[in-house]
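S.K.: Just dropping this structure here.
The values are calculated or read from the model by the stated rules, or taken from the named source; none is laboratory data. If you're wondering where the values come from, they're calculated on a predicted model, not measured in any experiment. Backbone-built Cβ (ideal geometry, glycine too); neighbour counts: all protein chains shown.
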Amino acid sequence: MDMKIFLITLVLILGVSATVFAQTKQKVNNEKETVLFDVSMTCENCQKRIEKNIAFEKGVTDMKVNLENKTVLIEFKKSQTTVAKLQAAIEKLGYTVKVHEPTKK
């Protein structure tokens with residue numbers, strides 16, 4: 001009887017430990033990064049084209065396209081894509097793209 005209780009307790013502890021570990025590992029893999037690109041877009045159709053295509057790139061979680069400033073702000077999961085891949089995806093649409101460098105005062 002004591003052995004049976006011991007085995008049940010051991011199985012429960014291992015099950016809970018595995019679940020907690022899996023959730024912790026998943027959170028680490030979902031770290032997000034944000035990048036701002038300067039893009040050579042000129043009209044609303046350019047804006048719509050970028051919004052339509054880049055939103056479906058792997059890892060993209062949020063995006064804001066500003067036609068007036070000619071910028072694209074993208075939030076993405078670091079474990080699924082990179083800044084270089086996102087830049088290449090916009091360039092593939094036919095635009096000149098560079099990572100925005102903040103102005104220093």
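S.K.: Would you please name the residue that is nearest to residue 39 (Cα to Cα), looking only at residues in the stretch 49-64 that are touching a residue at least 24 places away in the same chain (Cβ under 8 Å) and part of a strand (DSSP E or B)?
M.R.: Of everything passing the filter in the stretch 49-64, 60 is nearest to residue 39 (Cα to Cα).
S.K.: Given the criteria farther than 20 Å from residue 100 by Cα and either at pLDDT 85 or above or surrounded by 12 or more Cβ atoms within 10 Å (Cβ to Cβ) (or both), does residue 44 qualify?
M.R.: Details: farther than 20 Å from residue 100 by Cα: yes; either at pLDDT 85 or above or surrounded by 12 or more Cβ atoms within 10 Å (Cβ to Cβ) (or both): yes.
Answer is yes for this residue.
S.K.: Tell me, please, whether a residue that is aliphatic (A, V, I, L, M) and part of a strand (DSSP E or B) can be found in the stretch 76-90.
M.R.: To start, the set of residues in the stretch 76-90 that are aliphatic (A, V, I, L, M) comprises 83-84, 86, 88-90.
Next, only the ones that are part of a strand (DSSP E or B) stay: none.
No, the stretch 76-90 contains no residue that is aliphatic (A, V, I, L, M) and part of a strand (DSSP E or B).
S.K.: Something else: Report, by residue number, each residue of the stretch 79-99 that is farther than 18 Å from residue 67 by Cα, touching a residue at least 12 places away in the same chain (Cβ under 8 Å) and of a type in the set (Ser, Thr, Tyr).
M.R.: 79, 81
S.K.: Which of the residues that make up the stretch 64-82 are over 10 Å from the mean Cα position of the chain (by Cα) and among the hydrophobic types (A, V, I, L, M, F, W, C)?
M.R.: Our first condition is that a residue be over 10 Å from the mean Cα position of the chain (by Cα); within the stretch 64-82, this holds for 64-73.
If the condition is that a residue be over 10 Å from the mean Cα position of the chain (by Cα) and among the hydrophobic types (A, V, I, L, M, F, W, C), then 65, 67, 72, 73 are the ones that fit.
S.K.: Ok, one more. Taking residue 70, is it among the charged types (D, E, K, R) and exposed (fewer than 15 other Cβ atoms within 10 Å of the Cβ)? Before the answer, list the steps.
M.R.: On the way: among the charged types (D, E, K, R): yes; exposed (fewer than 15 other Cβ atoms within 10 Å of the Cβ): no.
In short, no.
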